[in-house]
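Undergrad: The following block contains the structure, expressed as structure tokens.
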């Protein structure tokens, strides 16, 4: 289909994305998610044809990373740049819990000429997503009081609950791999815990995956060693989604059993819910020795599950011994980035370039979130871009 | 008045701002200050009407922060971005005194394709403003020798003497609150010291306020506990300004007495002149224990004046019990950001959103300083922008 | 000659720069080097005439500095900005040796919407240039596999072997000083070691200078105290170049002898090859005490050659007592930036502004490297820019 027709088809989607923050995929309708996927694809294809989709002549996109990041940082910078915005970093002391007055004031102080704020805050359970909403409320107040000329949109670049730019990039990868969202119906996707020598990895990726993939009629298998639970509310939500969308949802505790006949696998480490709860309390109290003890306990426990590695044995029980392997990267690759890890080196190598392609959708997903936040009628603006025909490279 | 007429009215102002650094408000004529206020307003209104005032297709604006900053940093970034410039940070070791050869060379090395350098250097008494002039001299030499294709303009983002982007933003806030600069004549403004649990706050804000507001016929009341003097030359200058411009100037040592019938109040902490002198000597000598001792002495002295809090008791003696409250933010709010501080929480809350609006002028003030530095005839360029009609958001 | 004619003359140069990384000047043909010099000059002159040579409407230029830098950092930022690209910094732990999987993956992750990667990696002998090629291979794979829409070009911003943006800026300075590249034939240039109180300065500048200047028929004199050898292969290459291009090449061990009748002098400190070899081994093994010992030995040895200062005595034996003084800056100036150093203060002062002019070419050299990498027919694009006539400043 040519670009023009694809743009026209956007008009069939009912979207309330305009002016709304993007904090959790499950706050968005199916049409809205489809809209973002398709706008992301269109922005990618426009750029691929050397048509510049720049829509801002000036403006700032604030990045507020309360945890380290390379990939998402570059994705955010790329998305902002593609649309014409300049990134300004809000540097804070790493992973502090600052709320109340400071958040309210700072949110406004950085936003006088800003169009978006991208926030990563995934350290504290119960805090990251809450912080984003606190910023949002401050921006609402600022906008309504005439402090801010526009209400900057907030984009969740990973919180304690969800990692929507990741899961949406993964979904676009699946859509393009299988040809359509419809083709995903009935596919078995295994979101599996995997062993890692590091500790304290957030739960937002697995939660994001089960929360989103359950919307599109897939059969979700969530596999993890006993005790490595995710936030119960998110699991319940995924189960409910599956029931409503013609898919299934199953939790199991054997990696190999889970992998059987899988179409898609996502083996990835995370820290258990109850550990994250303890860790958050310790962090709040700045209890360093307590944190050190917890880490040791947790690592010792992890070490009991080193057989949760995705390797040839696992791969060979999947559909045609060739399930599509997904990962948010970087993966802990046995013998490469660590001694024993999430995935066997040869298996990873087989799918490595496809994980790069998967990652490559993220900048466009973020750009599409910005685009649909800002423009009530994305199709009209995309037509304008196409007709204008500005080249990205002269 | 429509934009076109307002732009035309700029032609009535006699301005020598073109090609001149902005280092102290008192080096600028009344017409020049008016020009900056009005260009700032026009840039804000153009952007508000989605007309992009971008005038640079490329170019760098260097930010040289020798002290921490969030607000001014974002204001500078916003101003640069609005006009089409990209900020490049010159990172140095914090608050060093580096002069001579290094300054001369570095000033040129960062300026080959730069249009502006914004400098914050407010730690050392007698050094910050001097450093800016040293940079300026180096740029003059570079430009005259053919090293630099244009002479980058310097903007004082706070020094030891003045904080012109702050005071000019405050003035624009007053102008807009009261309707005109003329309406400020005869208004009583109280620049008052206030208690803070922190030590070593620069004197540049109070000095900037009395140095600027005394130009517009206001009645200035400078209030502080005995011993908390500002730089004598600046106080003399403010007194002289007041005499020349039909206002009055009074120094007093009781917060409550000072506040009586005030139209506008600016309660804010600062460190005394003689302490700043000692501190600068100690810093120059890297005398850590001396600095620690001085801090203790100073904090102990501050603690004698905890009653210098702006609270309901103070507010109730002001004009209509409702003087306009100004602050450069962040304020030390009792019970919020500190136990006891500059301002009572309820009183602050009453004026909080107005302090945000006050802060929101700063990016436009900086942009106007850039604009009037670069263009000899700002009215012509603004007309060009209006006629061109480029949208900020497509 | 007017711009149009100069642009047309580019068509006489045979260039294979398109799509190729710029890693070593000796991998480029004479025509290609001339092309870069002339495109750099044209970009400078276009900008000087307020014609914007911006060719990217959006896009990132990644800077990957594995060693400190101010000058080159600003040059890269200026070049990217001039062409319309936004710099994104890849922050890594300083001067690590990270290879293999991480490099391969990271190179792709930062490149989805990137056009160039500028790399400085000059700490480890045998590693810096190798790392750049490793990144290049990863980008090739990513591009060929459809991960990347364009293959970002790599620009060597200084490695262990060469510093091509420096040497090319120096060459453009010589070309402009003497009127043409032809005028350089037969000129005597002395690349001389000089004393510095600091240790471990890379060999890439002297190597870059002898490797490049030997291409243009100059008489090269390489002077250093016994033991301060450069990488033997680079010296052999320079000797071979000289023989092929009608110049001469001589190594000597007396600064004053070397300076006799010199047209151009480049007195600059570096660490000896064998020390750099030892240092690299120690760094690889993270042997801190070994590094400390090596530093002491090296500094003690340096101190034997304090008479290798470029001063009036040296200058007075050069051609007309006035050889053109070159330096990559900052120089170690005796009595100014150090007690005893590379150059006498008065002598430096005489040539100081000319070293600034020399440095000022670097942003344009980098921009020309980008331009010729991206456009197969630079003349066509430059004509387009000229005809389009976009102003840099409105």
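The values are calculated or read from the model by the stated rules, or taken from the named source; none is laboratory data. All values reported here derive from a predicted model rather than from experimental measurement. Here the Cβ positions follow ideal geometry from the backbone for every residue, glycine too, while neighbour counts run over all protein chains shown.
Undergrad: Out of the residues in the range B:110-137 that are crowded, with 21+ Cβ neighbours inside 10 Å and within 23 Å of residue C:358 (Cβ to Cβ), which is farthest from the other protein chains (Cβ to nearest Cβ)?
TA: B:135
Undergrad: Just name the residue that is nearest to the other protein chains (Cβ to nearest Cβ) out of those in the range C:55-68 that are out of contact with any helix residue (DSSP H, G or I) (no Cβ under 6 Å at 6 or more places or on another chain) and not in a strand (DSSP E or B).
TA: Filtering first and then ranking leaves C:57.
Undergrad: Shifting gears a bit: In the range A:234-249, what residues are within 16 Å of residue A:208 (Cα to Cα) and surrounded by 14 or more Cβ atoms within 10 Å (Cβ to Cβ)?
TA: A:234, A:235, A:237, A:238, A:239, A:241, A:242, A:249, listed by residue number.
Undergrad: Looking only at residues that are part of a helix (DSSP H, G or I) and either touching a helix residue (DSSP H, G or I) at 6+ places or on another chain (Cβ under 7 Å) or outside the structural domain of residue C:171 (by TED's automatic domain parsing) (or both) in the range C:284-312, which one is surrounded by the fewest Cβ atoms within 10 Å (Cβ to Cβ)?
TA: Taking the candidates together, the pick is C:312.
Undergrad: Among the candidates A:150, A:103, which residue alone is within 29 Å of residue B:364 (Cα to Cα) and in a loop (DSSP other than H, G, I, E, B)?
TA: Criteria check complete, one pass: A:150.
Undergrad: Which numbered condition in (1) at pLDDT 95 or above; (2) touching a helix residue (DSSP H, G or I) at 6+ places or on another chain (Cβ under 7 Å); (3) surrounded by fewer than 23 Cβ atoms within 10 Å (Cβ to Cβ) is the only one that residue A:27 fails?
TA: Failed condition: (2).
Undergrad: If you don't mind, there's one more thing I want to ask. Select from the range C:326-354 the residues that are crowded, with 23+ Cβ neighbours inside 10 Å and more than 13 Å from every other protein chain (Cβ to nearest Cβ) and write down the one among them that is farthest from residue C:205 (Cα to Cα).
TA: It comes out as C:342.
Undergrad: Does the range C:345-356 include one or more residues that are assigned to a strand (DSSP E or B), at pLDDT 95 or above and not assigned by TED's automatic domain parsing to the domain that holds residue C:82?
TA: no
Undergrad: Continuing with this model, one more query. For the range C:43-53, state whether one or more residues are facing another protein chain (nearest Cβ under 7 Å) and part of a loop (DSSP other than H, G, I, E, B).
TA: Yes, because at least one residue in the range C:43-53 is facing another protein chain (nearest Cβ under 7 Å) and part of a loop (DSSP other than H, G, I, E, B).
Undergrad: Turning to a different aspect of this structure: From the list B:142, B:153, which residue is buried (at least 23 other Cβ atoms within 10 Å of the Cβ) and within 12 Å of another protein chain (Cβ to nearest Cβ)?
TA: B:142
Undergrad: Test each condition in (1) modelled with pLDDT of 95 or more; (2) touching a strand residue (DSSP E or B) at 6+ places or on another chain (Cβ under 8 Å) for residue C:234 and report the one that comes out false.
TA: Every condition holds for residue C:234 apart from (2).
Undergrad: Return yes or no: is residue A:194 without any contact (Cβ under 8 Å) to a residue 40 or more places away in the chain and away from every other protein chain (no Cβ under 14 Å)? Lay out the reasoning, then the answer.
TA: Values: without any contact (Cβ under 8 Å) to a residue 40 or more places away in the chain: no; away from every other protein chain (no Cβ under 14 Å): yes.
Here the answer is no, as residue A:194 does not meet what is asked.
Undergrad: To continue, here is another question. Kindly indicate the residue of the range A:372-393 that is within 14 Å of chain C (Cβ to nearest Cβ) and buried (at least 20 other Cβ atoms within 10 Å of the Cβ) and also nearest to residue C:59 (Cα to Cα) among those meeting that condition.
TA: My answer is A:392.
Undergrad: If a residue has to be at the interface with another protein chain (Cβ under 7 Å from one of its Cβ atoms) and out of contact with any helix residue (DSSP H, G or I) (no Cβ under 6 Å at 6 or more places or on another chain) to count, how many in the range B:70-82 make the cut? Spell out the reasoning first.
TA: Kept after step one, since they are at the interface with another protein chain (Cβ under 7 Å from one of its Cβ atoms), are these residues of the range B:70-82: B:70-71, B:74, B:77-78, B:81-82.
If we keep only those that are out of contact with any helix residue (DSSP H, G or I) (no Cβ under 6 Å at 6 or more places or on another chain) as well, we get B:70, B:74, B:77, B:81.
Of the residues in the range B:70-82, 4 are at the interface with another protein chain (Cβ under 7 Å from one of its Cβ atoms) and out of contact with any helix residue (DSSP H, G or I) (no Cβ under 6 Å at 6 or more places or on another chain).
Undergrad: Let me ask something additional. It is to be established whether one or more residues within the range C:325-343 are assigned to a helix (DSSP H, G or I) and at pLDDT 95 or above.
TA: no
Undergrad: Mind listing whichever residues of the range C:69-81 are in a loop (DSSP other than H, G, I, E, B) and free of Cβ contacts under 8 Å to residues at least 60 places away in the same chain?
TA: Matches in the range C:69-81: C:70 only.
Undergrad: Looking at (1) at pLDDT below 95; (2) within 14 Å of another protein chain (Cβ to nearest Cβ), which one does residue C:199 not meet, given that it meets all the others?
TA: Result: residue C:199 passes all but (2).
Undergrad: Next question. With the condition kept exactly as written, say whether any residue in the range A:157-166 is touching a helix residue (DSSP H, G or I) at 6+ places or on another chain (Cβ under 9 Å), facing another protein chain (nearest Cβ under 10 Å) and not in a helix (DSSP H, G or I).
TA: Narrowing the range A:157-166 to residues touching a helix residue (DSSP H, G or I) at 6+ places or on another chain (Cβ under 9 Å): A:157-166.
Narrowing further to those that are facing another protein chain (nearest Cβ under 10 Å): none.
Taking every residue of the range A:157-166 in turn, none turns out to be touching a helix residue (DSSP H, G or I) at 6+ places or on another chain (Cβ under 9 Å), facing another protein chain (nearest Cβ under 10 Å) and not in a helix (DSSP H, G or I).
Undergrad: Residues of the range C:210-231 being farther than 20 Å from residue C:128 by Cβ and either in contact with a strand residue (DSSP E or B) (Cβ under 6 Å, 6 or more places away or on another chain) or not in a loop (DSSP other than H, G, I, E, B) (or both), which ones?
TA: Of everything in the range C:210-231, those that are farther than 20 Å from residue C:128 by Cβ and either in contact with a strand residue (DSSP E or B) (Cβ under 6 Å, 6 or more places away or on another chain) or not in a loop (DSSP other than H, G, I, E, B) (or both) turn out to be C:213, C:214, C:218, C:219, C:220, C:221, C:222, C:223.
Undergrad: Can you confirm whether the range A:285-308 contains a residue that is in contact (Cβ under 8 Å) with a residue 40 or more places away in the chain and touching a strand residue (DSSP E or B) at 6+ places or on another chain (Cβ under 8 Å)?
TA: yes
Undergrad: Tell me which of these residue B:176 doesn't satisfy, since it passes every other one: (1) modelled with pLDDT of 95 or more; (2) within 14 Å of chain C (Cβ to nearest Cβ).
TA: (2)
Undergrad: Checking the structure you have, find out if any residue of the range B:83-104 is more than 13 Å from chain C (Cβ to nearest Cβ), within 28 Å of residue A:108 (Cβ to Cβ), buried (at least 21 other Cβ atoms within 10 Å of the Cβ) and in contact with a helix residue (DSSP H, G or I) (Cβ under 8 Å, 6 or more places away or on another chain).
TA: No, every residue in the range B:83-104 fails to be more than 13 Å from chain C (Cβ to nearest Cβ), within 28 Å of residue A:108 (Cβ to Cβ), buried (at least 21 other Cβ atoms within 10 Å of the Cβ) and in contact with a helix residue (DSSP H, G or I) (Cβ under 8 Å, 6 or more places away or on another chain).
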